[in-house]
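First the structure, which I've put down as structure tokens, then a few questions once you've had a look.
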């Protein structure tokens, strides 16, 4: 039976990166009887990313946002549009990721084997590296079930169980979607992928990191706090911003998954905002 995959993307003013991502996607060596269909949300790009995609890849389903969707909102928009297609799999893909030629083939291996054995399917996360071959994104294993402390897990040869997954490359079977839905409305920009993998595990599904590096994606996130050189007003704005520390959303995430660490997390967020020099020293 043919397997249909909906590829989900969102983009904002990253025309060339988005086109490069799509080029790598359409260069995939797909397993036999497998097809892909792309659903992309352009969240109000001024560089006309969406128009460029429509021109070079007319087969892509392009949707347009108001500019206020951010990453999680844009991905939810693409995912909701795709749900009408009742696909077998949903591939969450960052628009700044260039896939290796065998990425989809590798991602599908576990679930095709599980299906043949009548076993439960799993979310499969694809690890990415930078141009020097160093791990940038992928799956992480929690060090404790009570705190958000984790370490990357990755193997060149086998699928490895993890707890948290970055959605730079993340393959979700429809069985998971039927059970827990799509990315939560709680989150505007980040955190939504970690929340999703933890909810999937809570529902009894495995989350796995696929072997090897399946794409190239530069890690472009620096410190997640502002230095003491930044005025306090701007530091507080960063604390509350969806693209900053996302204060309310992050605390909601901690309360749901790591309630015992809620008081400590609350204090840490304010410490790095009011006293970034102390926080920086503490982190070292």
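Each value in this text was obtained by applying a stated rule to the coordinates, not by laboratory testing. This is a predicted model, so every value here is computed, not measured. Virtual Cβ from ideal backbone geometry, glycine too; neighbours counted across all protein chains shown.
Label 7 Å along Cα→Cβ of residue 157; segment 109-141 residues with amide nitrogen under 19 Å?
Under 19 Å, as judged by backbone N against the label point of residue 157, lie 109-110, 127 of segment 109-141.
Tell me whether segment 90-200 comes out rounded, prolate or oblate; compute the Cα gyration tensor, take square roots of the eigenvalues as a ≥ b ≥ c, and use a/c under 1.5 as the rounded threshold.
rounded
Same structure, new question: Please say if segment 232-283 is rounded, prolate or oblate, where rounded means a/c under 1.5 for a ≥ b ≥ c the square roots of the C-alpha gyration tensor eigenvalues, and otherwise the choice is prolate for a/b larger than b/c and oblate otherwise?
It comes out oblate by the Cα gyration axes.
Using only the alpha carbons, work out the radius of gyration and Dmax of segment 169-284 in angstrom.
16.8, 49
So, one more: Given segment 1-79, report the % of alpha carbon pairs whose separation exceeds 17 Å.
It works out to 43 percent of all Cα pairs.
Multiply the residue separation of residue 2 and residue 178 by 0.36 nm, subtract the distance between their alpha-carbon atoms, and state the gained length in nm to one decimal.
61.4 nm
Could you work out [θ]222 nm for the chain from helices alone, using -39500 (n - 2.57) per DSSP H run of at least four and dividing by all its residues? Round to the nearest 500 deg cm²/dmol.
Computed ellipticity for the chain at 222 nm equals -11000 deg cm²/dmol.
Residue 141 to residue 233: FRET efficiency via 1/(1 + (r/R0)^6), r the Cβ-Cβ distance, R0 41 Å, to the nearest 0.05? Don't jump to the answer; show the numbers that get you there.
Details: r = 38 Å, r/R0 = 0.94.
For residue 141 and residue 233, the calculated efficiency is 0.60.
Need one number: nm distance between label points at residue 46 and residue 29, each 7 Å from Cα along Cα→Cβ, rounded to one decimal.
Label-label distance for residue 46 and residue 29, simple model: 4.3 nm.
To continue, here is another question. Taking all pairs of distinct Cα atoms, average 1/r, flip it, and tell me the Kirkwood hydrodynamic radius of segment 28-140 in Å to one decimal place.
16.1 Å
Here's another thing I want to ask about it. How high is the relative contact order of the chain? Use alpha-carbon pairs under 8 Å, at least six apart in sequence, and give a whole percent.
18 percent
What do you get for Rg/Rh over segment 117-175 if you use C-alpha atoms and the Kirkwood form of Rh?
1.00
Taking 0.36 nm per intervening residue step and subtracting the Cα-Cα distance, what contour gain separates residue 218 from residue 255 on full extension?
10.3 nm
Okay, moving on. Just to compare against my own numbers: the Cα pair-distance distribution for the chain, 5 Å bins, whole % per bin, please.
P(r) over the chain, rounded to whole percents: 1, 6, 12, 16, 18, 17, 13, 9, 5, 2, 1, 0.
Follow-up question, since we're still on this one. For the residue pair residue 240 and residue 116, what label-to-label distance in nm results when each label sits 7 Å from Cα along the Cα-to-beta-carbon direction?
Once both label points are built, they end up 5.6 nm from each other.
Right, another one. Could the peptides 144-151, 82-89, 205-212, 32-39 be put in order, highest first, of the mean number of other beta-carbon atoms found within 10 Å of their residues?
The packing order, highest mean first, is 205-212, 82-89, 32-39, 144-151.
Another question, if that's okay. Provide 153, 125 in ascending order of the number of other Cβ atoms located within 10 Å of each residue's Cβ, fewest first.
On the way: 153 18, 125 33.
With the sparsest Cβ surroundings first, the list reads 153, 125.
Using the alpha-carbon atoms, what tilt in degrees (0 to 90, nearest 10) does helix 247-257 show relative to the longest principal axis of the chain?
Once rounded, one gets 70 degrees.
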